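Notes follow once the structure below has been shown.
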Amino acid sequence: MAENAINFEVVTPEKVIISGNIDSLIVPAALGYLGVLSNHAPLVTALEIGVVTYRQDGKPKKMAISGGFLEVVNNKAVVLAQTAETEDKIDVSRAQSAKERAEKRLSERNADLDLLRAEMALKRAVSRIKAAQ
Amino acid sequence: MASMRDIRRRIKSIKSTQQITKAMKMVAAAKLRRAQESVVSSRPYSEKVQDVLGRLAASTKDYSHPLMEQREVKKVGLVILTGDRGLCGGYNANIIRMTEHMIAGTDKPVGLVAVGRRGRDYFRRRGIEITEEYINIGDNPTYIQGKELAKRLMVLYSEGMFDEIYILYTKFKSAMSMMPKTLKLLPVQPEEGEEIKEVEYIYEPSQAGVMNVLLPSYVETTVYQALLESKASEHGARMTAMSSATDNAVEIIDKLNLTLNRARQAAITTEISEIVSGAAALQ
């Protein structure tokens with residue numbers, strides 16, 4: 001194990017996405033992006049829809065998550081997310097069409113529009129596209 | 001003794017039943033494999049959520065969230081997870097029996113949230129209040145389904161329809177063994193592990209903010225996990241039941257074959273002795 005490694009795990013209800021040692025981590029926390037290095041103080045935070053960036057073996061890697069929370073304790077960071085996709089698993093064209101669909105719905109502003117839901121869909125799509133880039 | 005024609009007819013009918021049970025067994029086995037995979041792969045998540053919640057609750061003793069608040073119990077809600085179909089051994093019966101125990105054991109009024117046709121039909125016939133029902137969950141419950149059910153339960157709890165909600169499900173161990181279980185869902189009572197250390201956490205945005213995300217998510221996962229466990233158990237129970245039904249059919253067919261042969265033998269013997277005695281009479 002590297003000297004400054006953090007044990008990192010991303011778990012969704014469907015399965016464990018990643019489990020391994022990483023050097024650093026940036027997550028979309030409730031109050032904005034937040035970085036975690038080794039020996040971080042114990043922390044619990046809610047996560048927003050967005051992109052998680054982490055460095056593993058010196059290489060930066062990205063992942064799209066849609067909400068959840070992060071717990072850091074004893075050099076162990078656990079992300080519990082509703083969904084999480086690593087950059088190589090993202091279907092960009094699907095995200096793109098989801099983005100367009102959500103944008104269209106938001107711009108039309110129908111009376112029966114579920115504003116919150118459409119906005120969430122848009123956010124998810126944007127974060128997927130960002131993570132895949 | 002039954003005539004040869006009757007025996008042949010019975011063998012034929014048992015053979016066709018055996019074909020059906022065999023097919024059902026194979027279908028259940030295939031579904032079980034998938035259900036088992038999703039149970040196993042979703043366990044880490046629910047364990048982690050429980051973990052985090054337990055540690056958080058241990059270090060925030062003075063804090064109370066609406067979903068954790070203990071109220072005077074005026075009405076108890078029971079969520080019973082049964083299958084939509086029968087022919088699965090004791091799977092449905094176990095949950096139903098446990099539910100009856102719970103109802104008999106409390107002096108408070110009870111409302112049922114019936115998931116699965118079997119449990120609903122049983123308790124409806126007996127005139128027990130069914131507050132909500134969820135039929136046709138399908139063979140592979142999704143997280144969305146679990147989430148919707150959980151949301152509904154949280155609404156029922158916070159609106160005061162129920163002051164306590166228990167969930168009755170079947171925990172999956174293996175295709176052969178499963179355990180009916182009761183779990184108190186609401187109010188949320190984090191399990192008090194022995195080695196939980198009190199940790200001074202930094203909360204972002206705040207303790208309440210974290211709890212607001214964590215608690216509903218805990219309820220959702222617990223419900224989802226219970227759905228998965230129950231489905232896997234149902235397929236397992238059906239597979240075992242159908243497998244033994246097929247074995248029994250083989251046994252009965254063997255026995256009937258023996259009787260058939262004996263009857264045939266007896267008929268031949270009679271015929272021979274008739275011929276012989278007929279010939280003897282001519283001499």
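The values are calculated or read from the model by the stated rules, or taken from the named source; none is laboratory data. Please read these numbers as outputs of a predicted model, since none were measured by experiment. Every residue, glycine as well, gets a Cβ built from its backbone with ideal geometry; the counts of neighbours run over all protein chains shown.
Observations
- Tally, over the range B:93-107, of residues that are without any contact (Cβ under 8 Å) to a residue 60 or more places away in the chain and either hydroxyl-bearing (Ser, Thr, Tyr) or surrounded by 13 or more Cβ atoms within 10 Å (Cβ to Cβ) (or both): 5
- For the range A:109-123, a residue qualifies if it is charged (D, E, K, R), part of a helix (DSSP H, G or I) and more than 14 Å from chain B (Cβ to nearest Cβ), and the qualifying residues are A:Glu119, A:Lys123.
- Here B:Thr246, B:Thr222 are screened, and the one residue that is within 14 Å of another protein chain (Cβ to nearest Cβ), polar (S, T, N, Q) and in a helix (DSSP H, G or I) is B:Thr222.
- Some residue of the range A:14-28 being β-branched (Val, Ile, Thr), within 13 Å of chain B (Cβ to nearest Cβ) and in a loop (DSSP other than H, G, I, E, B): no
- Summed over the range B:54-105, the residues that are more than 19 Å from B:Lys181 (Cβ to Cβ) and part of a helix (DSSP H, G or I) give a count of 8.
- Taken across the range B:199-215, residues that are in a helix (DSSP H, G or I), modelled with pLDDT of 90 or more and crowded, with 21+ Cβ neighbours inside 10 Å do not occur at all.
- Tally, over the range B:67-92, of residues that are small (Gly, Ala, Ser) and surrounded by fewer than 16 Cβ atoms within 10 Å (Cβ to Cβ): 2
- For the range B:32-47, the set of residues classified as more than 10 Å from every other protein chain (Cβ to nearest Cβ) and among the polar types (S, T, N, Q) consists of B:Gln36 only.
- Strands (runs of 3 or more DSSP E) completely within the range A:58-108 that count 2 or more residues being small (Gly, Ala, Ser) and either within 11 Å of another protein chain (Cβ to nearest Cβ) or surrounded by 14 or more Cβ atoms within 10 Å (Cβ to Cβ) (or both): A:59-73, A:76-81
- Scanning the range A:44-51 turns up at least one residue that is away from chain B (no Cβ under 13 Å) and crowded, with 20+ Cβ neighbours inside 10 Å.
- Filtering the range B:129-164 to residues that are closer than 25 Å to B:Gly86 by Cα, touching a strand residue (DSSP E or B) at 6+ places or on another chain (Cβ under 6 Å) and not hydroxyl-bearing (Ser, Thr, Tyr) leaves B:Glu129, B:Ile130, B:Glu132, B:Glu133.
- Scoring A:Gly35 on the criteria (1) in a strand (DSSP E or B); (2) in contact (Cβ under 8 Å) with a residue 40 or more places away in the chain leaves a single failure, condition (2).
- Yes/no for B:Ser13 being among the small types (Gly, Ala, Ser) and in contact (Cβ under 8 Å) with a residue 12 or more places away in the chain: no
- Qualifying residue in the range B:120-142 (condition: surrounded by 20 or more Cβ atoms within 10 Å (Cβ to Cβ), modelled with pLDDT under 90 and not β-branched (Val, Ile, Thr)): yes
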